[in-house]
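Okay, so here's the structure we're looking at.
The values are calculated or read from the model by the stated rules, or taken from the named source; none is laboratory data. Only a predicted model underlies this, so the values are computations on that prediction, with no experimental measurement involved. No Cβ is skipped: glycine too gets one built from the backbone with ideal geometry, and neighbour counts run over all protein chains shown. What goes into the accessible areas is simple: the full protein's heavy atoms, side chains included, and nothing from ligands, DNA or RNA. Shrake-Rupley method; radii C 1.70, N 1.55, O 1.52, S 1.80 Å.
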Amino acid sequence: GMPREKWLRYRQFGLGGSDAGAILGANPYRSPMEVFRDKLSEFPIETEDNEAMRQGRDLEEYVAKRFCEQEGKTVRRCNAILRHEKYPFLLANVDRIVDGENAILECKTAKSFLWGKYQKDDIPLPYIFQCYHYLMVCPQAERVYLAVLIYGMAFKVYTIERQQDQIDQLMKKEVDWWDDHIVMKRMPEPDGSESCQKI
């Protein structure tokens, strides 16, 4: 029930799951410089909406239903912004909680030609970092189910189990990045991406 402007403002107070891949240089659409700008902007900066974003939002419920149908599970919304206990600037907005187990469901939609850039069973790095980020913020969670609707092609469900060594490495990188750039107000180096050119 939080107004969108307030939600966007709250997101400025920390790093969310979609920020993880961006600050590590793994997101082709968003650079560390853009994350830096968004967090330190006087007013929340809303990404310009496009058709892919609109369809992703509209189809989230469909992806969740398909997951339940295929996996024989039930899920519920998590109507809260979660924070890491030790590092409150590490935030999580999870799509769903899986009933009866300590698990999270992340719903994605993807274009077939973009997904085809990866090997058939590979998960794009930004998605992996996002799932590990959620496991980091939610220490009781044992796994993340990643349900992906590939338009007109397939519906896939991946299971990303908790790997604490990977999560610890990610946490160190995120904490160091926050301290080095947000706390110190030091802009990251440009990486030559299209995202940097918009800053």
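Using a probe of 1.4 Å, the accessible surface attributed to Val157 totals some 40 Å² when neighbouring protein chains are kept in position. When each of the peptides 64-75, 28-39 is scored by the mean number of other C-beta atoms lying within 10 Å of its residues, the order from highest to lowest reads 28-39, 64-75. Per-residue extension of 0.36 nm, minus the Cα-Cα distance of Glu101 and Asp191, leaves a gain of 28.3 nm for this segment. Distance in nm between label sites at Glu71 and Tyr151, each 7 Å beyond Cα in the beta-carbon direction? It is 2.5 nm.
Taking only the alpha-carbon atoms of region 46-103, what semi-axes of the equivalent ellipsoid follow from 5 times the gyration tensor eigenvalues under a square root, in whole Å, largest first? Kindly include the intermediate steps, with their values, before the conclusion.
Values: eigenvalues 102, 92, 9 Å².
Three semi-axes, in Å: 23, 21, 7.
The simple spin-label model puts a point 7 Å past each Cα toward its Cβ; for Leu125 and Met184 those points are separated by 2.3 nm.
So if I take the alpha carbon set of region 62-182, get Rg, then get Rh from the Kirkwood formula, what is the Rg over Rh ratio? Walk me through the intermediate numbers first.
Numbers: Rg = 15.0 Å, Rh = 15.2 Å.
Checking Rg against Rh, the ratio lands at 0.98.
Calculated FRET efficiency, Leu40 to Asn79, Cβ-Cβ distance, R0 = 30 Å: about 0.60 to the nearest 0.05. Pairs over the 24 Å Cα-Cα cut-off, from the set Lys39/Lys86; Lys86/Lys156; Lys39/Lys173: Lys86/Lys156.
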